[in-house]
Amino acid sequence: MDFKKAYARFKQWQIDPFEYKAESQVLHVCNNCGNKFTGNYCPICSQKENVGIITWQSVVQSVVEVWGLHNRSLLFSVVQLFLRPGYFISDYISGKRQVSFPPVKMLVIMSLLGVFVDLLTGANDIVGVFDYDFDFEGDKMLYLDNAFEWMNAYPDLMSVIMLSYLIIPIYFIFRFAPRNPHHTLPQGFFIQVFSSSAFLVLNMVYDVTSMGGFVFVLSLVLIYFTYKQLFGYDSWGTLWRLIASFTAAILLATIMLWVDYCIHLYEAGMLGTAMDVILFELLTIGVFIALLWVCHHIGKTTAGKRTA
């Protein structure tokens, strides 16, 4: 077996796995309603023009549909998210909607399935998924205890929330990419919806197998290839932008956490402490904006050199 040729065929399949037939100009007679027509589908009943006697291909197609692997099915879309994640997402946000199961519906179904798997495996009883080692005292310690207790109770939801913080960093840091340049925030929303669905699948794999190391490595590999295929940067360009994006997402999550903490302090009448937290929060906002600006500027400069 020639592995080099096999990989080349797989790579080509990743880029363009869908083949669409040109409109047939032959006169057909529909086997379902008897209408005469030209084209690939009957305009009266919508049956395909090539539907005829049962063959082995009919058997294979029926089996595939039973297992949910036909085009636009949920399982088919999940398989695509793992075999060609970036290309698959790129197809959807560029207008090829027929290749994918509806993404928001996919996320809802994966979330419900994740809850069901949690109940079956007792994953909610596992403590310490989101852990910390801060030496705080008093009210701050109590606040963090409550926050991390909530995170540990809903790890799947926390994964989705954390990925949502990537929408703005990805928008600025990958703004001038070779593929899908100038993508919009709504497109960024769907990028993270697809990513969240994939990570919910990985969370379920972890719940069932408890193979934390394997799932962690698989998550890193999936993230890397998703953004490399989606935006078309080389290995180093993809890697440093991902590190910057996740750093910015963590900063944004920290900002939101401190906003909530300031509200908590204000309601408790601890105005002095709240002012100290606000100063720290302003510093975090400054670092967040500076990181996005630097990465955005580098991306714009390198894009200008490519087109020069």
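The values are calculated or read from the model by the stated rules, or taken from the named source; none is laboratory data. Computed from a prediction, not measured in an experiment: that's the story for all the values here. When we count neighbours, we look across all protein chains shown, and the Cβ atoms used for this are built from the backbone with ideal geometry, even at glycine.
Check Ser195 against each of (1) within 24 Å of Val115 (Cα to Cα); (2) polar (S, T, N, Q); (3) surrounded by fewer than 21 Cβ atoms within 10 Å (Cβ to Cβ) and name the one condition it does not meet.
(3)
Quick one: would you say Leu251 is under 22 Å from Phe88 (Cα atoms), of a type outside the set (Phe, Trp, Tyr), in contact with a Ser or Thr (Cβ under 7 Å, 6 or more places away or on another chain) and modelled with pLDDT under 95?
No.
Could you grab me the full set of residues in the stretch 267-277 that are in a helix (DSSP H, G or I) and surrounded by 15 or more Cβ atoms within 10 Å (Cβ to Cβ)?
Correct list: Thr273, Ala274, Val277.
Here is a check on your reading of the model: is Gln229 surrounded by 15 or more Cβ atoms within 10 Å (Cβ to Cβ) and more than 30 Å from Val117 (Cα to Cα)?
So Gln229 fits the description; yes.
Taking only pairs six or more apart or across chains, which ones have beta-carbon atoms under 7 Å, a first residue in the stretch 249-260 that is more than 19 Å from Val160 (Cβ to Cβ), and a second residue that is at pLDDT below 90 and among the aromatic types (Phe, Trp, Tyr)?
Qualifying pairs under 7 Å: Trp258/Phe280.
Working only within the stretch 1-18, note down all residues that are acidic (Asp, Glu) and modelled with pLDDT under 75. Write out each step before concluding.
So in the stretch 1-18, the residues acidic (Asp, Glu) come out as 2, 16.
Listed by number, the list holds a single entry, Asp2.
List pairs: first residue in the stretch 268-295 and more than 26 Å from Ile170 (Cα to Cα), second residue at pLDDT below 95 and among the aromatic types (Phe, Trp, Tyr) anywhere in the structure, Cβ distance under 8 angstrom, at least six positions apart or on different chains.
Final answer for the pair search is Ala274/Tyr266; Val277/Trp258; Val277/Tyr261.
Arg306 fails exactly one of the following numbered conditions: (1) of a type outside the set (Ser, Thr, Tyr); (2) modelled with pLDDT of 90 or more; (3) within 30 Å of Ile15 (Cβ to Cβ); (4) surrounded by fewer than 16 Cβ atoms within 10 Å (Cβ to Cβ). What is the number of that condition?
Result: Arg306 passes all but (2).
Among the residues of the stretch 243-250, is any over 30 Å from Phe76 (Cβ atoms), surrounded by fewer than 18 Cβ atoms within 10 Å (Cβ to Cβ) and in contact with a helix residue (DSSP H, G or I) (Cβ under 9 Å, 6 or more places away or on another chain)?
yes
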